[in-house]
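Below is one structure; the comments refer to it alone.
The values are calculated or read from the model by the stated rules, or taken from the named source; none is laboratory data. Owing to the predicted nature of the structure, the values given are computational and were not obtained by experimental measurement. Please note: Cβ atoms are built from the backbone with ideal geometry, for glycine as well, and neighbour counts cover all protein chains shown.
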Amino acid sequence: MSGVNNRKASGFGVIGLLLALSVGCGPSYLETADFENPDSFKVSGDSQIIDNAVNRTVLNQVNKYRIAMTERDASKLRDVVAKSYYENASTTDDGGDDYGNERLEQLFGEYLQDAAQEIRYEIEVTRVLEEAETVHVDYIYRWSFRYKVRGREYWESNRDVNRLTFAREGDDWKISSGM
């Protein structure tokens, strides 16, 4: 009878070992520590963004976008934006505020380099949704900027949510809408 109990015990031991291994082999998730400047670029602790090449590349691009904004560098911004970028500023009935990649550097140069004296921009990624040809990144942002009007300095700040959409361009992922 003890031989039967030993076989049962060893069977349970094998099952326990397999369960432990399967849990250890589950997906790993991206964390804030995986990215540069974790004080200003975070991955939400409960987002569970799978650590794979696409997600890591796209989130690195989001961080480069954030850095370009804080450095007020329109040419760095252009590096992360798709050639097909188009923005309608959420006003479908007014084409006057629409712009594409061809005007991006001019517009952002005016706002980033000329108007803003200093920009602080924090991003907390909450979700990455991969579709066939696009990747959507949902995030919470906090920004503030210092600007001058008639010799006086002011600070403006805001907190909101946004979604950047990325499209594959060559070997890289670039922002195709949402800035």
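For the reader, a short list of remarks on this structure follows.
- Applying the criterion of at least 3 residues that are over 25 Å from A33 (Cα atoms) to the strands (runs of 3 or more DSSP E) found wholly in segment 114-179 leaves 116-130, 134-149, 152-169.
- Selected residue (criterion: modelled with the highest pLDDT) from residues of segment 94-136 that are of a type in the set (A, V, I, L, M) and surrounded by fewer than 15 Cβ atoms within 10 Å (Cβ to Cβ): L129
- Residue satisfying all of: in segment 112-147; among the charged types (D, E, K, R) and out of contact with any strand residue (DSSP E or B) (no Cβ under 6 Å at 6 or more places or on another chain); farthest from D73 (Cα to Cα) among these: E131
- Checklist (1) modelled with pLDDT under 95; (2) more than 16 Å from Y121 (Cα to Cα) applied to D39, failing item: (2)
- Verdict on S84 being surrounded by 15 or more Cβ atoms within 10 Å (Cβ to Cβ), out of contact with any helix residue (DSSP H, G or I) (no Cβ under 6 Å at 6 or more places or on another chain) and of a type outside the set (F, W, Y): no
One line per residue, one yes/no per condition, for (1) hydroxyl-bearing (S, T, Y); (2) farther than 22 Å from R168 by Cβ; (3) surrounded by fewer than 17 Cβ atoms within 10 Å (Cβ to Cβ):
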{"residue": "G26", "(1), (2), (3)": "no, yes, yes"}
{"residue": "P38", "(1), (2), (3)": "no, yes, yes"}
{"residue": "K42", "(1), (2), (3)": "no, yes, no"}
{"residue": "D46", "(1), (2), (3)": "no, yes, yes"}
{"residue": "D51", "(1), (2), (3)": "no, no, yes"}
